[in-house]
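Below: the structure, in structure tokens.
Every number here is computed from the coordinates shown, using simple stated rules; none is lab data. The structure displayed is predicted, hence computed values, not measured ones. Using ideal geometry, Cβ is built from the backbone for each residue, glycine included, and neighbour counts are taken over all protein chains shown.
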Amino acid sequence: MPVPVRVTPRRPGDPLPDVHGLRVTTRVVRHDADRLAGLAERVAAGVTPVDGRRADAIARYVCDWADAVHHLHTTEDDVLWPVLVASAGPDVALPDRPRALAPALTRLRAAADSFTARPGQETATALAGTLAEVRDLLAERAADADDTVLPLVERWVSVADFARVDKPLRRRARTALELFRAAGTDQWSAVVARAGLLPFVGLALRGPALHRRERMVFGSAVPVPVPPVARR
């Protein structure tokens, strides 16, 4: 039997929880999905040649990214959703629970393992197809969140309860570091508010290693900036 979630629902006139940082995080994750799917498609088409070393770097990047996606959406599904349900109460109609990503992420890790074991157009095609599947699922979930879930969070979830939900995401050091790497200076204020200054220090210390990884995986040391996420 599920353990009841203790919440203090937001009342009319109370401050709104700041969900902008979550929107930025989601945009960064989806941005990498687009980059990785495009890269795998170019490899599968024979446009971008890869040797074993680069194939291994691509596969490790995919698996690290899949871990970050899993952490983000597991927190949303297992922590944010129950808090929203408890805060809204039984009389409020909520949308269907978001589709689970775990099965697709399991297939993605398996495709990455196959690609690093047997680099070539066949395994790159399988990797590209699975990345496209995950990318489309992320887009579906993001649309649901923007249109339905996050407005309901702002309506019903208190600032204190949302801060408790957001804490596991802010404590994810690698995700925060990757946010700084990819978000661009125009969005750093949202990342600072979400993750603090420690990842900024980490970026300064690990910047050269991150640039080398970008060059090995994508062919450029400088990641393409994530499009800005407007506040609502």
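Couplings 3J(HN,Hα) for segment 62-74, derived from phi with the Karplus relation 6.51 cos²θ - 1.76 cosθ + 1.60 (θ = phi - 60°), are 4, 5, 5, 5, 4, 4, 5, 4, 4, 4, 4, 7, 5 Hz, where x marks Gly and Pro.
Say R0 is 25 Å: what FRET efficiency, to the nearest 0.05, do Arg42 and Ala143 get from their beta-carbon distance? The computed FRET efficiency comes out at 0.40.
Work out how much length Arg53 to Ala117 would gain on full extension: take 0.36 nm times their residue separation and subtract the Cα-Cα distance, in nm to one decimal.
Length gained between Arg53 and Ala117: 22.0 nm.
Backbone geometry of segment 82-99 corresponds, through the Karplus equation with coefficients 6.51, -1.76 and 1.60 at θ = phi - 60°, to 3J(HN,Hα) couplings of x, 5, 5, 4, 5, 6, 6, x, x, 8, 9, 6, 10, x, 4, 4, x, 5 Hz, x marking Gly and Pro. Approximating the spin labels as points 7 Å out from Cα along Cα→Cβ, the Asp64-to-Asp78 distance works out to 2.3 nm. Evaluating 6.51 cos²θ - 1.76 cosθ + 1.60 at θ = phi - 60° for every residue in segment 110-115, the Karplus couplings come out as 5, 5, 5, 4, 5, 5 Hz, glycine and proline recorded as x. A cut-off of 5 Å between modelled amide H atoms, ignoring neighbours fewer than 5 places along the same chain, links Asp18 with no other residue. Amide H to amide H distances under 5 Å link Arg10 with Val157, Ser158, where only residues 5 or more positions off or on other chains count and H is placed in the peptide plane.
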